[in-house]
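The values are calculated or read from the model by the stated rules, or taken from the named source; none is laboratory data. Not measured: the values here are computed from a predicted model. Methodologically, a virtual Cβ is constructed for each residue, glycine included, from the backbone with ideal geometry; neighbour enumeration extends over all protein chains shown. Note: accessible area is taken over every heavy atom of the protein model, side chains too, but ligands, DNA and RNA are not part of it. Shrake-Rupley method; radii C 1.70, N 1.55, O 1.52, S 1.80 Å.
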Amino acid sequence: MDVTVNEKVVCYHCGQPCEEIFLQDDKSFCCYGCKTVYEILNEHNLCEYYAFDKNPGVTLRHVSEETYAFLDERKIRKQLLEFDSANFSRIRFYVPNIHCISCIWLLENLQKLQTGVLKSEVNFSGKIVRIDFNPEQVSLSKLGQLLTSLGYAPRINLKEENQSVSISSKQLIIKLAIAGFAFGNVMLLSFPEYLGLNESDLALQRLFSWLNIILALPAIFYSGQEFFINAWKSFKQKQINIDVPIAVGLLALLVRSTFDITTNNGPGYLDSLTGLIFFLLIGRWFQSKTYDSLAFDRDYKSYFPLAVQRWKENEWCPVVVYELEPQDIIRIRNMEIVPADSMLRSDEAYFDYSFVTGESKPVKATKGALVYAGGKLVGHPVELVVQKKTAQSQLTSLWNEAAFRKPNESVYKKIIDRAAHRFTWIVLALAVGTGVFWYYYNAYQMWLVLTSVLMVACPCALALAAPFTYGNMLRVFGRYGFYLKNADVIERLAAINALVFDKTGTITYGASAVTFKGVLSVQEQGWIKLLASTSTHPLSKLVAQHITQKSDAVLIGLKEFPGKGIQAVVAGKNIRVGSATFTGNAGGGETNSRVFVAIDGLARGYYEIETSIRPEAKGLVTRLGSVVKALLSGDQPMEAIRMQTVFPPSVQLLFNQSPHIKLNFISELQKQNYKVMMIGDGLNDSGALQQSDVGIAVTDDTGVFTPASDGILAGNMLGKLDSFLRLAKKSTAILKTGFVISFCYNAIALSVAMSGLLTPLIAAILMPISSVSVVSFTSLAVNWVARKEFKNL
C-alpha cells in the first residue's frame, strides 16, 4: 500500500486534511478507519451516503480501538436493553456525532451492513439511534463496534439520568455570558462616539474601535457560532432555514464594521452586532424555557391513565402505573398490558409482545423470568413483581408505534412545512430588494436596515401555532378524563361528521340486577367466578362480582374468543362462559343481557344481567343530532326496545354484529366520504376502532387498554363527548387565529424594518417575542374556551 505525504489532499470520507494518504478506488483517505468505512459502504452498495453531502463522515483517525465486550455482561444488558427475548431485542444508543442527513441515512440502513439488525431509527434532535436486532445473530458488543467503525461511537451511560440537557444548558449560559460581556464593554468603549468628542480625541476613538473588534470576535465566532454552523449545514444539504438570514445579517454587520474601522470611515456597528447576538441568545433561551414550561408531550402521566391491581395491606387495590415502585406486587388479567418491566411470580404465563415487536405469537415465560413493559397477557391472571419504574413516555411511545398509526396525515403540518420552506427565500429576496433601494437612497443606513429585515422576520410563530394549540388542548382533554394518544388526533376530531356507538360498556354499564337461571352447584359457581374474573369484558366482570363463592382450583388451557366467550378446564371439567352459540345454550325471549354457561358440553343455564343505561346517554345523543349514524352491538335483538328509548328512529340499531361486520360498516361509511368516530369498549371492536378516523375506547376500568384506539374516554365523561368535539373545532379556530397573528406580525415588522424605522437590536428582541406571543395566545385561548365549556364541572 502506497503512503505519501500531501497536506493539500482531503479525506474522501470525512473531509479532513490527509497527513498520510490511504488510497482505495482512486480515492484518498486520512486514516485506515475512514478507508474501512468506505469499503464497508461500497461492499453493500451504500455509497449513496456520499451523494447527500460532500465528505459527510466523521474522522476516525483519533478513535481508539475500544472494546464493547462489557455490553454482553448480563447485568449491563439487562440495564441497557428496552426489550430482550431469544430472537428480538431493542436498545437505544446516544450518538453525539449525528450531525446531518447523511448520518441519518446511514444509521437507518444498518440492516444492510450487519446481519441480525432488523430495523434502526434515528431521533435527530435527541441524537438517539433505536436499534431492533436479533441477539442470536448479532451481539450487543458487535453493534457498539459497528457504530464505532462507522464513526458514530455510542456514548454509554450506565446511570439512569441523562445529563445531555444540563450540558447544553450550561453551554448556552456560557455563550450568553460572553456575548453579554462583549456587548457591555463595546457599549462602554463606544462612549466617545456617542458623546461626540472633538477631533483631538480621534486617536482614542481609533484605539477603542480596534478594542471593539477584539471584543466582538469571541461573541461572533463562539457565542454566535450556532447561527453560522446551522446556516452552512443547510447550504451543504441544499436546504435553507431560519438561521440563514440571521447569519447573513451578522456577517454583513461584521464585514461593514471591519471595513469602516480599518479604512477610518467610522466606528462601525459593533455595538449593534454584539447586542444583536446577546438578545438573540436571550430570545432562544427564553423560548426554550417557555416551551419547557408548557411541555405537554413529555410526560405520559397527563394523558395515559393505565391502572393495575397492586397488593397492598392484604388486598388488591387499583393504582396508576406511574405510582408503581420496584418490588411492588401487581396482578395482570387476560388481555391486559404489563405496565413496567417485572419478574413473573406465578408458575408460567404467555405474553403477546406484538405491541413492542410486531410479532403476535405469544411467548412463554416461567417463574422468575423478566417480563417487559408492553407485553399483553394471554391466559389466566398472573402476579408480577415490579423490577423498575415505568420509563417516562415509554408506554405512549409504544402506543404511537407505526402499527397503530392512522394513514391520515396532518393537513396543517403540510401547510406549515410548505410555508416555512418558502418563507426564508422570500425574506432573503426582500432583504436584497431593500438593500438595493437603501444603497441609492442612503448608503450609510443600508447595512442597519438590511440587518433589521433579516433579523425581524420569523416563521417560528407559524411553525409553533399548531403543536402548541393542539398540545395544550391535549392536556386539557386529559384533565377532564379524555386521554388521546397524540395531539394530531384533535385535528381529526374537528373533522368528524359521523358517530357510531357500541352498546355494552359504552351506552350501558354496570348492573342493576344479576340473577342465574339454571342449575349450578356451589362448587361450580366458584369455578364460574374463577373463570369470569380472568376476562376484562364488562359482563364477565359483573358475573364475577355477583358470585360470592370462591374457588382455589387451577385454570388449565384458558382461551378467550373475542365476541364469543371464554373457556378453560377447571378440576377436570371443560367450562365455557359466553354467548348462547358459543356455549350451546338455546336463547330465551328476555330483554336482559345474558352470559351463558356450559360444563362438559352441557348447557347449565345463564346469568341474566340487567345492565343500566348511562343516564347521560340519551341527552348526549339528542345534542349530537344527525351526526349519530348507528349503534352496533354483538348482543341479541332483544335489546332493541331499550335502545329505542335512547336513539331516535333515524339511527340504525344493528345487533348480532361480529367484530368483522363492525369493521366493514365503518369502512362503508368512509366510502360515503364520512369522517367516522367509533366509540366502543375496545374489547370486541378493536378492528372498528382501528378502521375509523378516530377510535375511542370508553372504559370504567383504566386497566383495560386498547392500542388500536386513538383515545381513552373515562366512562363518567361520556356525556361530555359533544363538548370535546366542540373544543376540537374551537382549537382549529384558535390555530387559524394564531396563523393570522403570525402573518400580521411578519407583514408589519418587515414593512417597518424595510422603511428604516427599526434598529437591529429592536428586531432581535421582537423576533423571539413574536413566537412567544403566539404560544401565549394559544395557551390562554385554549384554557379560556375549556373553562367556559366545562364551567359546571
Quick check: anything in the range 612-635 open to solvent by less than 60 Å² (accessible area, probe 1.4 Å), of a type in the set (Gly, Ala, Ser), within 36 Å of the chain's Cα centre (by Cα) and within 21 Å of Gly565 (Cα to Cα)?
-> yes
Identify, from the list Ala580, Ala532, Ala553, the residue that is within 17 Å of Leu377 (Cα to Cα) and aliphatic (A, V, I, L, M).
-> Ala532
Taking Met678 and the conditions (1) in contact with a Gly (Cβ under 9 Å, 6 or more places away or on another chain); (2) in a loop (DSSP other than H, G, I, E, B), which numbered condition does it fall short on, given that it satisfies the others?
-> (2)
Are any of the residues in the range 203-210 at pLDDT 85 or above and out of contact with any Leu (no Cβ under 6 Å at 6 or more places or on another chain)?
-> yes
Can you tell me how many residues in the range 259-306 are modelled with pLDDT under 55 and of a type in the set (D, E, K, R)?
-> 5
Can you tell me which of Val595, Val628 is assigned by TED's automatic domain parsing to the domain that holds His546 and touching a residue at least 12 places away in the same chain (Cβ under 8 Å)?
-> Val595
Answer residue from the range 681-711, given it is of a type in the set (D, E, K, R) and modelled with pLDDT of 65 or more and is most open to solvent (accessible area, probe 1.4 Å) among those = Asp700
In this structure, does Lys736 turn out to be surrounded by fewer than 20 Cβ atoms within 10 Å (Cβ to Cβ) and modelled with pLDDT of 90 or more?
-> no
The range 481-507 - residue that is hydroxyl-bearing (Ser, Thr, Tyr) and touching a Gly at 6+ places or on another chain (Cβ under 7 Å) and, of those, surrounded by the most Cβ atoms within 10 Å (Cβ to Cβ) = Thr506
State which residue is modelled with the lowest pLDDT when the search covers only the range 460-509 and only residues that are of a type in the set (Phe, Trp, Tyr) and under 20 Å from the mean Cα position of the chain (by Cα).
-> Phe468
Going through (1) closer than 26 Å to Ser686 by Cβ; (2) outside any loop (DSSP other than H, G, I, E, B) one by one, Ser709 fails only at (2)
Pair list, Cβ < 9 Å and 6+ apart or interchain, from the range 715-726 residues that are farther than 14 Å from Ala697 by Cα to residues that are among the aromatic types (Phe, Trp, Tyr) and not in a helix (DSSP H, G or I) = Lys720/Tyr480; Lys720/Phe482; Lys720/Phe790; Ser723/Tyr480; Ser723/Phe790; Phe724/Tyr480; Phe724/Phe482
Tally time: how many residues in the range 244-275 are over 11 Å from Trp447 (Cβ atoms), of a type outside the set (Val, Ile, Thr) and touching a Leu at 6+ places or on another chain (Cβ under 7 Å)?
-> 3
Only one of (1) open to solvent by 20 Å² or more (accessible area, probe 1.4 Å); (2) at pLDDT 85 or above; (3) more than 22 Å from Asp352 (Cα to Cα) does not apply to Phe93, and that is (1)
Which members of the range 526-558 meet the condition of being open to solvent by 10 Å² or more (accessible area, probe 1.4 Å), in contact with a strand residue (DSSP E or B) (Cβ under 7 Å, 6 or more places away or on another chain) and more than 15 Å from Tyr606 (Cα to Cα)?
-> Leu530, Pro538, Ala553, Leu555, Ile556, Gly557, Leu558
Inspect all residues belonging to the range 765-777 and state whether any of them is over 27 Å from Gly249 (Cα atoms), open to solvent by 10 Å² or more (accessible area, probe 1.4 Å) and at pLDDT below 85.
-> yes
